[in-house]
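Asker: This structure is in structure tokens; I'll ask about it shortly.
The values are calculated or read from the model by the stated rules, or taken from the named source; none is laboratory data. Everything quoted here is computed from the prediction, not taken from an experiment. Cβ: placed from backbone, ideal geometry, glycine included. Neighbour counts: every protein chain shown. Only protein heavy atoms, including side chains, enter the accessible area calculation; ligands, DNA and RNA are left aside. Shrake-Rupley method; radii C 1.70, N 1.55, O 1.52, S 1.80 Å.
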Amino acid sequence: MKERAQLVGIDFQDARADALAFIRAFDWRFPNRSDPKGALASRYGLAGLPTTYVVDQEGRIAQSLTGAQ
């Protein structure tokens, strides 16, 4: 689904330096956004960490999965 989907990480309430260190430690190569005040978490009703959302082109949640799998 590479042509139809993109993985984006959200650094929820993390200090930017800590988030960047984590990204480097795990060699993540996908985009990451910072959410230091929890605005995105609030918008999408974050219930726990980690949470995975599949968001459609209109910004609506199509699927969510909370917890480590």
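Asker: Name, by its number, the condition in (1) in contact with a helix residue (DSSP H, G or I) (Cβ under 9 Å, 6 or more places away or on another chain); (2) surrounded by 14 or more Cβ atoms within 10 Å (Cβ to Cβ) that does not hold for Trp28.
Answerer: (2)
Asker: Restricting attention to the stretch 31-52, and to residues there that are open to solvent by 100 Å² or more (accessible area, probe 1.4 Å) and farther than 19 Å from Gln69 by Cβ, which single residue is modelled with the highest pLDDT?
Answerer: Of everything passing the filter in the stretch 31-52, Arg33 is modelled with the highest pLDDT.
Asker: Hey, another quick one. Take the residues of the stretch 10-25 that are touching a residue at least 24 places away in the same chain (Cβ under 8 Å) and within 21 Å of Gln69 (Cβ to Cβ): which is least open to solvent (accessible area, probe 1.4 Å)?
Answerer: Out of the qualifying residues, it is Asp11.
Asker: Is it the case, given these coordinates, that Leu7 is surrounded by 10 or more Cβ atoms within 10 Å (Cβ to Cβ), modelled with pLDDT under 90 and of a type in the set (A, V, I, L, M)?
Answerer: Yes.
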